[in-house]
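Asks: The structure that follows is given in the form of structure tokens.
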Amino acid sequence: MIVLRLDRMLAERKVSGKELAERIGLSPVNLSRIKTGKVSAVRFSTLEAMCRALDCQPGDLLEYIPDDEVGDHLGLHEAD
């Protein structure tokens, strides 16, 4: 599973979602959908615009989590 870590980068850069949306020409609603994972794809041009606006690399925004570890990352691991 690929997870978007946009909230973390916004906090590090002290930029609001609304401000980022304005900088990259995206509606706040569409940016929110990206942040919450409600979209299944992000255009490279959008990813590039986010990286440019936040002065970061794509790897700063995206993280790969193996399927068998998703529960752990989401706090859904089974009790022993």
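Asks: Evaluate the following for ALA49: is it in contact (Cβ under 8 Å) with a residue 24 or more places away in the chain, more than 12 Å from the chain's Cα centre (by Cα) and assigned to a helix (DSSP H, G or I)?
Replies: yes
Residue-by-condition table, conditions (1) surrounded by 12 or more Cβ atoms within 10 Å (Cβ to Cβ); (2) of a type in the set (A, V, I, L, M):
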site: MET1; (1), (2): yes, yes
site: ALA11; (1), (2): no, yes
site: ILE24; (1), (2): yes, yes
site: SER27; (1), (2): no, no
site: SER32; (1), (2): yes, no
site: LYS35; (1), (2): yes, no
site: LEU47; (1), (2): yes, yes
site: ARG52; (1), (2): no, no
site: LEU61; (1), (2): yes, yes
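Asks: Restricting to region 1-41, give me the number of residues that are closer than 23 Å to GLU69 by Cα and in a loop (DSSP other than H, G, I, E, B).
Replies: Going through region 1-41 one residue at a time, the tally reaches 8.
No value in this document is a laboratory result; all are computed from the given coordinates. Values in this document were obtained by computation on a predicted structure and should not be read as measured data. We place every Cβ from the backbone using ideal geometry, glycine too, and count neighbours over all the protein chains shown.
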